[in-house]
Amino acid sequence: MRKRYIVNGIILALTVFAIAGCGQGETAFDKEKADGGKVRQEAQGTETGISGESAEDAQVDFQALQEENPDIFAWLYIPGTKVDCPALQSMQGDDYYATHNAYGQEDENGAVYIELANLASMCDFNTVFHGKAGEDGDGPFADLYQFADPDFFDRHETIYLYLDGNVLTYEIVAAYERDNTSLLRSYDFTYLDGCQQFLDDLFATREMTMNMREGWEGITPYHFLITLTTQKQESADRQFVVLAILTEDAAGTIDRIVAE
């Protein structure tokens with residue numbers, strides 16, 4: 001079994017204080033930010049998406065993106081899928097981007113977004129991203145259902161999240177269906193008990209169709225997770241989720257203290 005490496009952002013001491021936000025300081029990405037916020041990695045492809053952006057061609061220009069829509073705070077990219085799109089957070093309402101696209105135009109397919117209960121800095125224990133699958137499979141998260149296939153799940157392990165001045169790498173831990181209830185309202189991720197309850201429920205899940213990657217049984221409330229959620233129109237009572245854990249924080253700014 002391949003060894004899994006624990007993320008550097010684990011906090012070693014328990015504390016009764018809750019502090020929101022991430023660490024700051026000079027990073028190797030400051031020069032990139034001065035150059036318009038572009039983050040470049042070794043990749044090739046064609047320019048797609050809002051403002052001609054695509055993580056596949058390694059051209060994520062946050063200055064250009066935020067000129068299009070200041071609600072854009074990140075770019076989500078899952079290799080091997082069509083998920084290569086901006087992520088947004090609206091001050092107008094949690095579900096605004098359920099009915100508007102990344103340009104802020106009315107669109108039944110919506111966009112990928114997080115709720116106000118999550119920090120756009122990505123310092124929460126579990127940041128929940130929402131996106132529709134679309135009636136004809138043309139929603140931004142339609143390809144998430146590919147992770148229901150065990151072979152596809154085994155071959156595709158990585159999610160990249162581009163921030164202005166940072167790149168976060170996540171390893172996909174699980175993909176499964178659950179009741180269509182709000183994770184952010186079911187669990188209080190600002191407290192240790194709420195984080196632990198989520199993990200206990202996750203590992204107690206006995207869905208026959210659940211795909212779980214081995215080696216991550218030691219996840220704790222001090223890790224950083226993302227959960228991508230979607231649902232098909234014909235199954236409104238169920239949602240499909242893809243859960244991933246942070247394994248690399250390029251700029252070293254992801255940190256937090258968890259309240260007991």
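Per-structure values
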quantity: In order through segment 222-232: 3J(HN,Hα) via Karplus (6.51 cos²θ - 1.76 cosθ + 1.60), integer Hz, x for Gly, Pro; calculated: 9, 7, 10, 10, 10, 10, 9, 10, 8, 7, 8
quantity: 3J(HN,Hα) from dihedral phi, segment 124-131, Karplus parametrisation 6.51/-1.76/1.60, rounded to Hz, x for glycine, proline; calculated: 6, 4, 9, 9, 9, 9, 10, x
quantity: Separation between Cα centres of segment 158-237 and segment 83-141, rounded to whole Å; calculated: 17
quantity: Cα-based shape type of segment 204-260, given that a ≥ b ≥ c are square roots of the gyration tensor eigenvalues and the cut on a/c is 1.5; calculated: prolate
quantity: Under the Karplus curve 6.51 cos²θ - 1.76 cosθ + 1.60, θ = phi - 60°, whole-Hz ³J(HN,Hα) for segment 251-260, x wherever Gly or Pro sits; calculated: 8, x, 10, 8, 6, 5, 10, 9, 7, 6
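Any read-out appearing in this document is the output of simple, stated calculations on the displayed coordinates, not a laboratory observation. In this text, all values refer to a predicted model and were calculated from it rather than measured experimentally.
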